[in-house]
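The values are calculated or read from the model by the stated rules, or taken from the named source; none is laboratory data. These numbers come from a predicted model, not from an experiment. Methodologically, a virtual Cβ is constructed for each residue, glycine included, from the backbone with ideal geometry; neighbour enumeration extends over all protein chains shown.
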2 protein chains.
Amino acid sequence: MAEKMSTSTRERIRTAMAELMRTQGYGATTVKQVSELAQAPMGSLYHHFPQGKQQIAAEALRAAGAAYIQLLPILMDPHEDLREAVTAAFTDAAEQMEQAGWLNMCPVVTVAGEIADSEPALRAVTAEILNSWIARGTEYFERRGLDAMQARQFTLALLSALEGAFILSRTLHSTEPLRAAGRALAVQLVDDPV
Amino acid sequence: MAEKMSTSTRERIRTAMAELMRTQGYGATTVKQVSELAQAPMGSLYHHFPQGKQQIAAEALRAAGAAYIQLLPILMDPHEDLREAVTAAFTDAAEQMEQAGWLNMCPVVTVAGEIADSEPALRAVTAEILNSWIARGTEYFERRGLDAMQARQFTLALLSALEGAFILSRTLHSTEPLRAAGRALAVQLVDDPV
């Protein structure tokens, strides 16, 4: 009963790792910090994650990745016009980031950039997440009227622009990069659907 | 004379730091690794950089940032048509990245994403570099015919798309994100100059 009412230890460890990667990246995060933030003893942590930090990070990134892609229809479905949907999604992201004190909204990609050359197993995990986003995004934009190739190209351009603008906006403490990136994507949809 | 012929110790330390940040990020890099790669004793390293790792990183990022922005006119000037110039720049970057084994082509932004919340002094350095890129890019695209506001918006969209696509291409070991991002930017220039 207590088990059902409280968050599981495994989930607390995973959430703590996600939070630490969000604020300080993968390299600066230690298993000891994870253990403390999760309020889970080291023995329990290694019981759940025998391979340690990398395994916790993989599970944390997969959980974050699965959650983030669900935002795509949630943010865009309310807008009948696809151009409006794209502009609104970037504007919403910009405003949320500013209100949250320039929060890292996508640790999946900041960690991907940090570890791509130094942690091959974790790079494979981030590639698997990105590929699932590209597949889901392509399906979504096909439903919104683009043909299959256009939808894939547009998804790749949108993810690139969004992730780059996340880092620029967060670094500059300014919503300007996210707004400019969103507008640039929307413009091409109007005048020539990709 | 020997001093003039060989790379200075300070420069070797800075270059070693840049290389380590490129391949493993800021958090995973230790001063000891920098000392070893630069073949500079720890005493010499702290003589040149009394504040240690953060100070070395700041100098390394500034040097990299100053070098990278010079690529903008080098890559784009040969193309009279601005759409061709943008497409070519992204295609060149994609091919170079693939040939170099998916090299991190912009440690400035991967480090910016990693440390924005945890290293305020270093965030300020990356913001200063990004702002100088935005100013130089805006000047460049004004010379290429955009008005001042269009040029700034286009620079922000281009930097966002390029930096995001760098991380996606490097993670996926695929030139597809960089090519798609370049095409998406070029299309909007043709049909509606931003």
Taking region B:102-137 and keeping only residues that are over 17 Å from the mean Cα position of the chain (by Cα) and more than 7 Å from every other protein chain (Cβ to nearest Cβ), one is left with B:E119, B:P120, B:A121
Does region A:73-91 include one or more residues that are of a type in the set (A, V, I, L, M) and under 18 Å from A:G25 (Cβ atoms)?
-> no
Using the structure shown, decide if B:A67 is buried (at least 19 other Cβ atoms within 10 Å of the Cβ) and assigned to a helix (DSSP H, G or I). no
Over region A:29-69, the set of residues more than 15 Å from A:L122 (Cβ to Cβ) and small (G, A, S) is A:S35, A:A38, A:A40, A:G43, A:S44, A:A66, A:A67
The condition from (1) farther than 26 Å from A:M21 by Cα; (2) touching a Gly at 6+ places or on another chain (Cβ under 9 Å); (3) touching a residue at least 24 places away in the same chain (Cβ under 8 Å) that B:T155 misses is numbered (3)
Only unsatisfied item for B:L172, checking (1) within 25 Å of A:E119 (Cα to Cα); (2) in contact (Cβ under 8 Å) with a residue 24 or more places away in the chain, is (2)
A:K4 meets each of (1) closer than 22 Å to A:I134 by Cα; (2) modelled with pLDDT under 95 with one exception, condition (1)
Filter region B:126-152 for residues that are surrounded by fewer than 23 Cβ atoms within 10 Å (Cβ to Cβ) and among the polar types (S, T, N, Q); the one that is farthest from B:M21 (Cα to Cα) is B:Q150
Pairing a residue in region B:8-31 that is at the interface with chain A (Cβ under 9 Å from one of its Cβ atoms) and charged (D, E, K, R) with any residue that is in a helix (DSSP H, G or I) and surrounded by 24 or more Cβ atoms within 10 Å (Cβ to Cβ), where Cβ atoms lie under 6 Å and the two sit 6 or more apart in sequence or on different chains, gives B:R22/B:P107
Per the filter on region A:142-184, residues within 17 Å of A:M105 (Cβ to Cβ) and either among the β-branched types (V, I, T) or more than 7 Å from chain B (Cβ to nearest Cβ) (or both) are A:L158, A:F166, A:I167, A:S169, A:T171, A:H173, A:S174, A:T175, A:L178, A:R179, A:G182
